[in-house]
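Before we start, here is the structure in question, set down as structure tokens.
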Amino acid sequence: MRTLVVGIGGMTNGGKSTMSSSLHLRIPNSCIIAQDAFFKDDSVIAVDSNGFKQYDVLDALHMDRMMSKIESWRKDPGSFLASQSLRTQCSVGEEVFVLIVEGFLIFNYGPLNELMDKRYFLEIPYDVCKERRGSRVYTPPDMPGYFDGYVWPRYLKNRQEMEDMVSDIVFLDGLKSKEDLLDYVYGDVTMEIQSLMVTKMRTALCLWIVMAVLCPGEVKGHKGHGGDHHHGQGLDHDHGRDNDHGHRRDHEHRRDHNHGHHDPEPGDNGTKPVIQGNGGFAFSLYKQLVVQPDNQGKNVFFSPLSVSLALAALSVGARGQTHQQLFTGLGFNSSLLTQEQVDQAFQTILTQLNQKNGVDLSIGSALFLHNTFKPHPEFLKDMKRFYLSEGFTVDFTNTADAIETINKYVGEKTRGKIDKLVKDLDPTTVMYLLSYIYFKGKWEIPFDSKDTKEDTFHVDDNTTVPVQMMSVKKRFSVYYDQEISTSVLQLHYNESVSMMLALPEKGLARLEEVIGQNHITKWHRWMKASEYQVHVPKMSITTTYSLKDVLSGMGMLDIFSNRADFSGISEDLKVAVSEVAHQASLDVDEAGATAAAATGVVLMPLSFRRTPVLKFDRPFMVIVMDRETKSILFMGKIINPANK
């Protein structure tokens with residue numbers, strides 16, 4: 001049994017009761033406890049010097065009785081629902097019970113506030129609040145001057161006390177339609193419910209390459225050759241192995257190739273949890289990368305989708321604990337997702353991304369096999385079918401030729417943006433797995449090169465660098481996230497792919513601590529178009545990472561050790577992963593962005609001028625997404641756009 005406590009607060013007549021009732025109707029196994037039900041008798045309500053009744057204070061409420069009722073729900077939600085003539089709608093052990101606590105002072109009472117998992121506060125302007133208050137009939141009725149003399153000043157005081165106590169309240173614009181507000185809160189709460197049911201999921205712009213190198217026995221470095229260079233043959237060859245040879249052991253991840261897969265549709269049950277896992281992994285990987293000692297004070301840029309693609313492909317051949325660690329690290333719940341579902345989901349995602357119109361986007365993988373190494377035919381078939389993998393045979397003992405062959409392939413796939421991914425190889429390497437993604441997009445709203453001028457970029461309080469700053473005045477989609485004090489700008493490439501640029505008021509470190517997939521969902525939903533003067537620095541950035549220690553820190557330990565179980569690749573030769581390397585490249589100019597990277601812009605807080613200015617002249621975060629597949633293609637942060 002799992003529980004979730006959702007607080008719906010707000011000012012008088014802000015719509016909190018309507019929101020709570022509507023949310024309750026949508027969410028199974030939910031109930032409402034409203035603060036208004038716990039007012040003390042009117043005869044004991046204090047009166048101030050102006051003769052105004054002091055209703056809007058905690059002393060006017062039986063908070064002890066309210067807490068007792070909430071505790072009754074917490075002890076046994078099922079019985080509590082039954083006592084309210086409400087029925088549970090899930091099997092025993094699978095329920096998530098949701099308590100909606102509604103009221104104007106729920107976030108001002110410490111013991112209650114500590115129980116909240118999600119907090120929302122509906123706010124409306126003074127004039128709207130006064131008009132709504134005046135149109136309602138209260139018992140006892142409001143005295144003349146009551147709103148201006150007591151209600152509004154008391155609200156402002158309560159609001160300040162609330163903000164001093166709590167920092168993670170989501171403030172909602174009560175002037176929006178009830179339907180839009182409900183859709184947002186319902187979507188946000190539903191994501192939290194899913195995360196409770198599916199457990200914590202992880203996973204993850206413009207040019208990203210990941211490689212996993214397998215060597216016999218202990219972990220090693222890796223090398224290769226361009227000897228026998230047969231495009232597409234490695235994955236089609238049978239290698240002389242009979243499927244019923246007896247070298248494969250039966251295990252829980254083995255698939256039946258006659259009927260174990262089907263051509264996936266976008267609505268396949270496994271696709272959504274894989275996308276959610278990829279999103280969670282993206283932020284987990286980002287948070288691991290930014291704390292690495294070698295990355296301090298540097299730009300960080302990578303493609304989470306490329307990394308998850310390579311690791312998911314590797315999991316096809318993993319077994320036992322090795323497979324479990326890969327799945328968990330990628331944010332996949334093995335009790336809810338099978339390897340087959342993951343394979344089908346990636347096939348769907350990759351196919352859709354490779355069919356994009358209006359942008360130059362290609363993504364895939366490749367296998368380079370030593371010419372005497374014979375993996376299981378099933379592994380090769382799955383790699384080709386589900387991960388769009390090309391196959392090549394090479395002689396890894398001829399390291400110079402192998403390096404040239406692999407780098408030439410990478411250079412071709414990335415249009416020359418990354419042509420030296422491999423610098424050295426171990427001659428004992430038997431398999432080299434890489435994934436790549438190339439992206440080139442033109443801005444939907446381009447910048448004019450005549451408006452590009454030299455400007456100053458503030459790296460930190462003490463350091464500035466000169467940059468070429470692009471500028472344009474047009475309508476852009478913008479959202480200000482009050483919960484984390486961050487301004488967000490969205491730049492479109494086409495109807496599906498866009499770049500989000502996030503500028504936190506309190507610095508990147510604070511944003512990096514809290515940001516997650518739920519923020520991206522919220523930002524997309526609440527973007528509003530308005531005219532802005534936008535300034536974005538031109539940049540050309542390349543990043544290179546060894547992910548071995550990072551992935552080990554995320555729980556994927558066995559793949560690099562002699563405990564690695566890749567018997568789904570080969571039982572004849574025990575192999576382990578030697579290295580996982582990643583390289584990304586980002587170019588941003590007036591026309592758009594090229595390569596494996598995302599663009600970054602820093603936003604100033606929203607202004608009330610006729611044409612607000614968003615000037616990206618200090619560190620910012622960047623995320624490039626495909627909205628159709630909900631995939632994070634690239635993400636990172638720009639600390640210094642002048643650094644290559």
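The values are calculated or read from the model by the stated rules, or taken from the named source; none is laboratory data. The shown structure was predicted, so the numbers you read here are calculated from the model rather than taken from an experiment. Because the Cβ atoms are built from the backbone with ideal geometry, glycine has one as well, and the counts that use them run over all protein chains shown.
Within the bounds of region 324-344, is there any residue that is in a helix (DSSP H, G or I), over 19 Å from the mean Cα position of the chain (by Cα) and within 21 Å of Ser284 (Cα to Cα)?
yes
Restricting attention to region 410-458, which residues are of a type in the set (Asp, Glu), in contact with a Gly (Cβ under 9 Å, 6 or more places away or on another chain) and under 21 Å from Ser540 (Cβ atoms)?
Correct list: Asp419 only.
Let me ask something else. Residues being under 20 Å from Phe301 (Cβ atoms) and either in a loop (DSSP other than H, G, I, E, B) or β-branched (Val, Ile, Thr) (or both): count how many of those fall in region 543-576.
Number satisfying all stated conditions: 5.
Is region 68-89 home to any residue that is touching a His at 6+ places or on another chain (Cβ under 8 Å), under 26 Å from Val185 (Cβ atoms) and surrounded by 14 or more Cβ atoms within 10 Å (Cβ to Cβ)?
For region 68-89, residues touching a His at 6+ places or on another chain (Cβ under 8 Å), under 26 Å from Val185 (Cβ atoms) and surrounded by 14 or more Cβ atoms within 10 Å (Cβ to Cβ): absent.
Answer with yes or no whether Asp419 is under 23 Å from Gln583 (Cβ atoms), of a type in the set (Asp, Glu) and assigned by TED's automatic domain parsing to the domain that holds Val577.
yes
So Lys16 ticks every box in (1) surrounded by fewer than 20 Cβ atoms within 10 Å (Cβ to Cβ); (2) basic (Lys, Arg); (3) under 27 Å from Lys178 (Cβ atoms) but one. Which box is left unticked?
(1) is the only condition that Lys16 fails.
Please enumerate the residues belonging to region 314-323 that are surrounded by 19 or more Cβ atoms within 10 Å (Cβ to Cβ) and not in a loop (DSSP other than H, G, I, E, B).
Leu314, Ser315, Thr322, His323
While we're on this one: Take region 455-495 and flag every residue that is polar (S, T, N, Q) and under 18 Å from Ile623 (Cα atoms).
Passing the criteria: Ser477, Ser485, Thr486, Ser487, Gln490, Asn494.
Which of the residues belonging to region 295-313 are of a type in the set (Val, Ile, Thr) and part of a helix (DSSP H, G or I)?
Val307
Same structure, new question: Only one of Asn462, Asn398 is loosely packed, with under 15 Cβ neighbours inside 10 Å and assigned by TED's automatic domain parsing to the domain that holds Leu573; which?
Checking each option against the conditions leaves just Asn462.
Quick one: is Gln347 in a helix (DSSP H, G or I) and either under 20 Å from Asp549 (Cβ atoms) or of a type in the set (Lys, Arg) (or both)?
No; evaluated as a whole, the condition is false for this residue.
Moving on. Given the criterion within 30 Å of Lys381 (Cβ to Cβ), modelled with pLDDT of 80 or more and assigned by TED's automatic domain parsing to the domain that holds Ile445, identify the matching residue among Ala576, Ala642, Ala596.
So the residue among Ala576, Ala642, Ala596 that is within 30 Å of Lys381 (Cβ to Cβ), modelled with pLDDT of 80 or more and assigned by TED's automatic domain parsing to the domain that holds Ile445 is Ala576.
Identify all residues within region 20-44 that are outside any helix (DSSP H, G or I) and either on the phi > 0 side of the Ramachandran plot or surrounded by 17 or more Cβ atoms within 10 Å (Cβ to Cβ) (or both); write none if there are none.
Ile27, Asn29, Ser30, Cys31, Ile32, Ile33, Ala34 - these are the residues of region 20-44 that are outside any helix (DSSP H, G or I) and either on the phi > 0 side of the Ramachandran plot or surrounded by 17 or more Cβ atoms within 10 Å (Cβ to Cβ) (or both).
Now for a separate question. Would you be able to say whether some residue in region 619-633 is more than 26 Å from the chain's Cα centre (by Cα), assigned by TED's automatic domain parsing to the domain that holds His323 and modelled with pLDDT under 85?
no
Among the residues of region 501-533, which ones are touching a Phe, Trp or Tyr at 6+ places or on another chain (Cβ under 6 Å) and among the aliphatic types (A, V, I, L, M)?
Leu501, Leu503, Met527 - these are the residues of region 501-533 that are touching a Phe, Trp or Tyr at 6+ places or on another chain (Cβ under 6 Å) and among the aliphatic types (A, V, I, L, M).
Now a separate question. What about Val534, is it more than 17 Å from the chain's Cα centre (by Cα) and hydrophobic (A, V, I, L, M, F, W, C)?
It is true that Val534 is more than 17 Å from the chain's Cα centre (by Cα) and hydrophobic (A, V, I, L, M, F, W, C).
Something else: What's the number of the condition Asp558 fails, among (1) at pLDDT below 85; (2) out of contact with any Leu (no Cβ under 7 Å at 6 or more places or on another chain)?
Result: Asp558 passes all but (1).
Looking at the structure I just gave you, is Asp48 under 23 Å from Lys178 (Cβ atoms), surrounded by fewer than 20 Cβ atoms within 10 Å (Cβ to Cβ) and of a type in the set (Asp, Glu)?
So Asp48 does not fit the description; no.
While we're on this one: Six or more apart or on different chains, Cβ under 6 Å: which pairs go from a residue in region 549-571 that's assigned by TED's automatic domain parsing to the domain that holds Gln321 and closer than 19 Å to Pro375 by Cβ to one that's outside any loop (DSSP other than H, G, I, E, B) and among the charged types (D, E, K, R)? Could you list them?
Here the result reads Ala564/Asp558, each pair linking region 549-571 to a residue that is outside any loop (DSSP other than H, G, I, E, B) and among the charged types (D, E, K, R).
Oh, and also: Of everything in region 498-542 that's part of a helix (DSSP H, G or I) and aromatic (Phe, Trp, Tyr), which residue is surrounded by the fewest Cβ atoms within 10 Å (Cβ to Cβ)?
Checked region 498-542; the qualifying residue surrounded by the fewest Cβ atoms within 10 Å (Cβ to Cβ) is Trp526.
With respect to the numbered conditions (1) surrounded by fewer than 23 Cβ atoms within 10 Å (Cβ to Cβ); (2) touching a strand residue (DSSP E or B) at 6+ places or on another chain (Cβ under 7 Å); (3) hydrophobic (A, V, I, L, M, F, W, C), which one is the sole condition not fulfilled by Met431?
(1)
Can I ask one more? When you go through (1) farther than 23 Å from Leu573 by Cα; (2) surrounded by 24 or more Cβ atoms within 10 Å (Cβ to Cβ) one by one for Thr338, which number turns out not to apply?
Tallying (1) farther than 23 Å from Leu573 by Cα; (2) surrounded by 24 or more Cβ atoms within 10 Å (Cβ to Cβ), Thr338 fails exactly one: (2).
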